[in-house]
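Please read the structure below before turning to the comments.
The values are calculated or read from the model by the stated rules, or taken from the named source; none is laboratory data. Quick caveat, the model's predicted, so the values are computed rather than measured. Ideal geometry is used to build each Cβ from the backbone, glycine not excepted, and the neighbour counts take in all protein chains shown. The area values use the complete protein model at the heavy-atom level, side chains included, leaving out ligands, DNA and RNA. Shrake-Rupley method; radii C 1.70, N 1.55, O 1.52, S 1.80 Å.
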Amino acid sequence: MQKKWWHGKVAYQIYPKSFKDTNGDGFGDLPGITEKIPYLKDLGIDLLWISPIYKSPFADQGYDIADYQDIDPIFGSMEDFKKLKAAADEAGIGILMDLVVNHCSDEHEWFKKACEDPNGKYGKYFIIREGKDGKEPNNLRACFGGSVWDKLPGHDNLYYCHFFHKKQPDLNWFNPELREEIYKMMNWWLVDMGIAGFRVDAIMCIGKDPSFPMYEPDNVGDGMCSCGVMNAQNVDVAVNFLREMNSRTFTPNDKYSVGEVFGITKENVKDFIGDNGVFGSIFDFSAREALTKHYCFYGFEKLSVKQYREVIFGAQETANTTGFLAPVIENHDEPRGVTTWLPLMWQNAQGAKALGTVNLTLKGVPFVFQGQELGMTNTKFDNIDELDDCQSKDQYKNCKDHGLSEAVTMQVLNDQARDHGRVPMLWDDSEYAGFSTTTPWMKLHQDRAVLNVAAEEKDPNSVLNYYKTLIALRKDPKYIKTFTYGNFVALEDPNDHTIAYLRQGHENTIMVIANFGDKAVTFPINDESELLLSSGTVKMDNTLDKVTVAEGSSAIVLL
């Protein structure tokens, strides 16, 4: 495996609308991120992924882009971005922009011109088809519900394709002229603006069958089939496009890319990561894929610790000798990891530390999502009006159509809604949590009085201070090669609630143990073993060659 500059780095994701508001309008902004660069440097962050800040009507919170080379006024200006970039550069932090090129906004100039002339240049930038017998061209279901087809404005029997929101028309990757426009835009950010790379959004959706055949309806009962079925059958189409993208943008400029990719197998992993892969790394969504097998939130079944262990271990073993995953426990599209992955008894600071231990010691380029370092859990939403996400609205309707009561429906959303990752960051215990001087655009977390940066910075035993120590250990010159390049070796689970493994490098071997059960577990060590870091209660006994990790605790041991 060729060594790259991003190997050994730790990344952090910011959801800008909810990070820090400096102008008192209730929305986070770019000056707010700039203000907190010292905080991120102190945490130990090397790469900063910022969710979309481009000009947008916000039908899908900025993932509907109206101008790829302009900043939305809600976040500030291009001058504000340049100031942020300068501050990040000075702190040694590289910026990753969010690349959303499966689709754009219906308010993008390209789409407006496509509506004016579907047969012209810009009409060919999109996927436009005639209807069949007065109906949609086929029966694919969009990710946010309903058909992937909507009538092209101003035309009776022409439909445009959108795999997500109807205000997010899909771009036609089969058009080489469109691809050239995308690469030109990417290189403007990578070279002219000097960013470190891109997080690449929903990119496997570009793998389509342009004939758009009818599909066998799935079990949802609406006569439709998930659009993901088409993508799964056309992975090779997407990979071919991505090879071209990589050769035209990332590789010649030596920039980092991290792909939002699902469905990785031992057979195809080399297409995505490693020396011949199209990305620098890909997110490990193995646990998310195992949880979300049903189309509707109410069909999700919580994973046990054993199941969680099995899927993340499977992902590690799939990528082990090929390339780098990007381990994550949560992001802006998911509920909080502590609530989602841990048993109820460990959905607290103790569990958050142990889960963070796993996240930051697996092989790959780990990503921390804003608030994760505080141990944030899910927010308690009382009614659907407190949720903002378009997917949450669709899933609320699904629950009610399925006959679920209001109380059960809200519990489903309190478990699974994407909104949990989008509530404001908690900076202090003031009325608006130090996020703003006015009522924020989203509800504040119920535990903000104690779960905030100011309180945790003062507490030596806080989740925040543990994360700082953990990240520093991962980057310690004595261990960074092992944590970066060392092989992953799974260890046996003694109680169906323990995640334990080795990181074996040329210089040393490090054992990681996280116990999410209700009894202590014991693992063998040797008389020269050293406890590098622990959370909770851990006892090392070198004379008896064992380490005992109490329930809700974690240990990192140099063997």
Nonlocal amide H pairs with residue 368, under 5 Å, H built at 1.01 Å: 11, 12, 13
Dipole-positive endmost among 462, 249, 172 within the chain (Cβ charges, Cα centre): 249
Mean residue ellipticity (222 nm) of the chain, computed from DSSP H runs ≥ 4 via -39,500 (n - 2.57), nearest 500: -8000 deg cm²/dmol
Between helix 390-401 and the chain: long-axis angle, C-alpha atoms, 0 to 90°, nearest 10: 90
Alpha-carbon centroids, segment 134-188 and segment 33-70: separation in whole Å: 25
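Taking square-rooted eigenvalues a ≥ b ≥ c of the alpha carbon gyration tensor, is segment 309-463 rounded, prolate or oblate, where a/c under 1.5 means rounded and, failing that, a/b exceeding b/c means prolate?
Here segment 309-463 falls in the oblate category.
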Loop-located chymotrypsin sites (Phe, Trp or Tyr not before Pro) in segment 128-204 whose Cβ has at most 15 other Cβ within 10 Å (DSSP): 174
Förster radius 41 Å - calculated FRET efficiency between residue 181 and residue 5, Cβ distance, rounded to 0.05: 0.90
Shape category assigned to segment 214-309 from the gyration tensor of Cα positions, a/c cut at 1.5: oblate
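Relative contact order for segment 345-460: what is it in percent, counting Cα pairs under 8 Å that are at least 6 residues apart? If you can, show how the numbers build up before the last one.
Details: 112 pairs, mean separation 27.8, N = 116.
After rounding, I find 24 percent.
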Alpha-carbon centroid distance for the pair segment 493-527 / segment 412-430, whole angstrom: 32
Neighbour cut-off at most 12 other Cβ (10 Å), DSSP loop, GluC sites (Glu not before Pro), segment 174-273: 267
Cα long-axis angle, helix 305-319 against the chain (0 to 90 degrees, to the nearest 10): 70
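Express the relative contact order of the chain as a whole percentage, based on alpha carbon pairs under 8 Å and six or more residues apart in sequence. All intermediate terms of the calculation are to be shown ahead of the outcome.
Numbers: 1173 pairs, mean separation 71.9, N = 559.
Relative contact order here is 13 percent.
Tally up the carbon and sulfur contribution to the accessible surface of the chain as a whole percent, 1.4 Å probe, everything protein left in place.
Numbers: 10200 of 21280 Å².
Using a 1.4 Å probe with all protein chains present, the chain comes out at 48 percent carbon and sulfur.
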The chain - share of DSSP beta bridges that are antiparallel (%, nearest 5): 60
For the chain, size of Cβ-based charge dipole, Lys and Arg +1, Asp and Glu -1, in debye: 940
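Does segment 453-559 come out rounded, prolate or oblate, given a ≥ b ≥ c as the square roots of the eigenvalues of its C-alpha gyration tensor, rounded meaning a/c under 1.5 and, failing that, prolate meaning a/b above b/c?
oblate
Ignoring ligands, DNA and RNA, what accessible area per residue does the chain give at 1.4 Å, in Å²? Each step should come with its number before you reach the end.
Values: 21280 Å² over 559 residues.
Accessible surface, normalised per residue, equals 38 Å².
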Alpha-carbon centroids, segment 276-291 and segment 317-332: separation in whole Å: 6
